[in-house]
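Written out below as structure tokens is the structure these notes cover.
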Amino acid sequence: MAGRDGVDAIVEQWAVERPDLDTAAMAVFGRVYRVARLVGDAQERCYARFGLTRADFDVLATLRRAGTPDGLSPGRLTAALMLSSGGMTSRLDRLERAGHLVRTPDPTDRRALLVRLTDSGRALVDEAVGAGLAEQQRMLGDLDPDRVRRLDGDLRDLLASVERHVAPE
């Protein structure tokens, strides 16, 4: 069991100032937020070694996971990444200039485009995803595999609960 952390101090302060509050949720989400921030920062540093931001990586990884050599429409990419079309356009422009992807006419719809990885973009994202996963595994290194599996299940349940209780945007 880990020692005290900064979340414990916050919860204890609230217990003194507002003993009527049940701060269990604050403790859980405080730790979730801190983990997300620390891991996100570590992933950002990892991807920077490849000349990518996390946002760039997300676009390339979405195209790579799609498994189709034809690519995806900008609309499907935008929906998958929950971005505005303007935000997606600037990312695509930057990644295309870098030679990591190309936009080509959709053979089934002359008005539409498809976005696909170039060979160098595919090689880059394959290398970056391996490095990013190694970094994530390193950060879990103090936990035994059974505990990681339990944590994964608990977080899946937490996510499902939060998704049921959050109003759609």
Problem set entry | Set Gly40, Gly6: member being loosely packed, with under 12 Cβ neighbours inside 10 Å, free of Cβ contacts under 8 Å to residues at least 60 places away in the same chain, within 30 Å of Asp58 (Cα to Cα) and touching a helix residue (DSSP H, G or I) at 6+ places or on another chain (Cβ under 9 Å) | Gly40
Seminar exercise, completed: Leu155 passes all but one of the listed conditions (1) free of Cβ contacts under 8 Å to residues at least 60 places away in the same chain; (2) open to solvent by 100 Å² or more (accessible area, probe 1.4 Å); (3) within 20 Å of the chain's Cα centre (by Cα); the exception is number (2)
Exercise. Which residue out of Pro168, Pro74, Pro145, Pro69 is out of contact with any helix residue (DSSP H, G or I) (no Cβ under 7 Å at 6 or more places or on another chain) and in contact (Cβ under 8 Å) with a residue 24 or more places away in the chain?
Worked result: Pro69
Exercise. Taking helices (runs of 4 or more DSSP H) that fall entirely within region 1-87, which contain at least 1 residues that are under 15 Å from Leu117 (Cβ atoms) and among the charged types (D, E, K, R)?
Worked result: 54-66, 74-81
For this session: Output yes when any residue across region 33-52 is in contact with a strand residue (DSSP E or B) (Cβ under 7 Å, 6 or more places away or on another chain) and closer than 22 Å to Leu124 by Cα, and no when none is.
Result: no
Problem set entry | Filtered residues of region 76-125 (kept if open to solvent by less than 60 Å² (accessible area, probe 1.4 Å) and among the acidic types (Asp, Glu)) | Asp93, Asp106, Asp109
Exercise. Going through region 10-56 one residue at a time, which ones are closer than 21 Å to Gly130 by Cα and aromatic (Phe, Trp, Tyr)?
Worked result: Tyr47, Phe50
Exercise. Of all residues in region 53-75, which are open to solvent by 40 Å² or more (accessible area, probe 1.4 Å) and of a type in the set (Ser, Thr, Tyr)?
Worked result: Thr53, Thr68
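Restricting to region 112-139, name every residue that is free of Cβ contacts under 8 Å to residues at least 12 places away in the same chain, over 21 Å from Arg37 (Cβ atoms) and either of a type outside the set (Asp, Glu) or not in a helix (DSSP H, G or I) (or both).
Those that are free of Cβ contacts under 8 Å to residues at least 12 places away in the same chain, over 21 Å from Arg37 (Cβ atoms) and either of a type outside the set (Asp, Glu) or not in a helix (DSSP H, G or I) (or both): Ala123, Gly130.
The values are calculated or read from the model by the stated rules, or taken from the named source; none is laboratory data. Treat the numbers as computed from the prediction; the structure is a model and nothing was measured. In this analysis, Cβ positions are derived from the backbone assuming ideal geometry, glycine residues included, and neighbour counts consider all displayed protein chains. Heavy atoms of the whole protein, side chains included, go into the accessibility calculation; ligands, DNA and RNA do not. Shrake-Rupley method; radii C 1.70, N 1.55, O 1.52, S 1.80 Å.
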